[in-house]
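J.: Quick one: the structure is below, and I'll ask about it shortly.
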Amino acid sequence: MSKLPIIILPAPLLRAKSAPIERVDDDVRRLAADMLETMYAAPGIGLAAIQVGVQRRLLVLDVSEKEDEQNPLVMINPEIVKLGDELVPYEEGCLSIPDVRVEIERPSSLTVRFIDREGRPQQLDADGLLATAIQHEIDHLDGRLIIDFLSRLKRDMIVRRFKKQARLDSEST
Ligand code: K2U
Ligand code: ZN
């Protein structure tokens, strides 16, 4: 397993729509394992393949609270098939947009269908932080970011800040 670099704003790839995975093979399983290692090291509770530069519909999650307990979830070609009526706000961060927090209201529960690491179709009912994280990660697969929930003005200010930082980083290397 290996830790992978996480791409950050303003990388254009973060805006790409990821492609479905046709076959769950060992390469997909290795990528999922590397993404889990990368997520735990960040640390984070979710990660989409696009965030490590792979434009495929794969995400990993682990919302287990306890330090010494891991409950990893790997979702291939995830599809939300039902959304609850109740909305709940959560101040979301994003590993691809460091040090930015956006309060986003999302449905508090959902049902998601996906393929697991063994290639088996699964269906999961989720609520709470897991429901929020699933929606956040599927947004990534469609090129949507938390800053899209801000006003145009605020979003452009953040993108300008990250573009300036990227210029400074490239000048200092
Ligand atoms: O996709 C990502 O960038 C990882 C996100 C996933 C996430 C964001 C907001 C709400 C739920 C999931 C996070 O940066 S992982 C960091 C984190 C840790 C604990 C609670 C919320 C977010
Ligand atoms: Zn994110």
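J.: If you filter region 100-173 for trypsin sites (Lys or Arg not before Pro), then keep DSSP loop positions with at most 13 other Cβ within 10 Å, what is left?
T.: Qualifying residues, ordered by number: ARG101.
J.: Using amide H atoms built in the peptide plane, which far-off residues or other-chain residues are under 5 Å from GLU92 H to H?
T.: Correct list: VAL102, GLU103, ILE104.
J.: Principal axis extents for the chain, Cα atoms only, whole Å, descending order, please.
T.: 47, 39, 34
J.: How far apart, in nm, are two points set 7 Å out from the Cα along the Cα-to-Cβ line at TYR40 and at GLU118?
T.: Each label point is offset 7 Å from its Cα along the Cβ direction, giving 2.1 nm.
J.: Then there's this: Could you go through region 42-47 in sequence order and give the Karplus-derived ³J(HN,Hα) for each residue, using 6.51 cos²θ - 1.76 cosθ + 1.60 with θ = phi - 60°, rounded to whole Hz, and x for Gly and Pro?
T.: 4, x, x, 10, x, 6
J.: Next question. For the chain, with every protein chain kept in place, what is the accessible area per residue (1.4 Å probe, Å²)?
T.: Computed with neighbouring chains in place, this is 57 Å² per residue.
J.: Still on this model: With label points built 7 Å along Cα→Cβ from the Cα atoms of GLU86 and GLU67, find their separation and express it in nm.
T.: The modelled label-to-label distance comes out at 3.2 nm.
J.: With the cut-off at 14 Å, report for region 68-109 the share of all Cα pairs above it, as a whole percent.
T.: Summing the P(r) tail past 14 Å for region 68-109 gives 68 percent.
J.: Not counting the cut sites, what is the longest span of the chain without GluC sites (Glu not before Pro) that DSSP labels loop and that have at most 11 other Cβ atoms within 10 Å?
T.: So the longest stretch without any such site is 119-173.
J.: Which whole-angstrom value gives the distance between the alpha carbon centres of region 27-59 and region 70-116?
T.: Going from one Cα centre to the other spans 15 Å.
J.: Ordering MET39, MET1 from largest to smallest accessible area (1.4 angstrom probe), what's the sequence?
T.: MET1, MET39
The values are calculated or read from the model by the stated rules, or taken from the named source; none is laboratory data. What you see is a predicted model, and the numbers here were worked out from it, not measured in a lab. Cβ atoms come from the backbone with ideal geometry, glycine included; neighbour counts cover every protein chain shown. Only protein heavy atoms, including side chains, enter the accessible area calculation; ligands, DNA and RNA are left aside. Shrake-Rupley method; radii C 1.70, N 1.55, O 1.52, S 1.80 Å.
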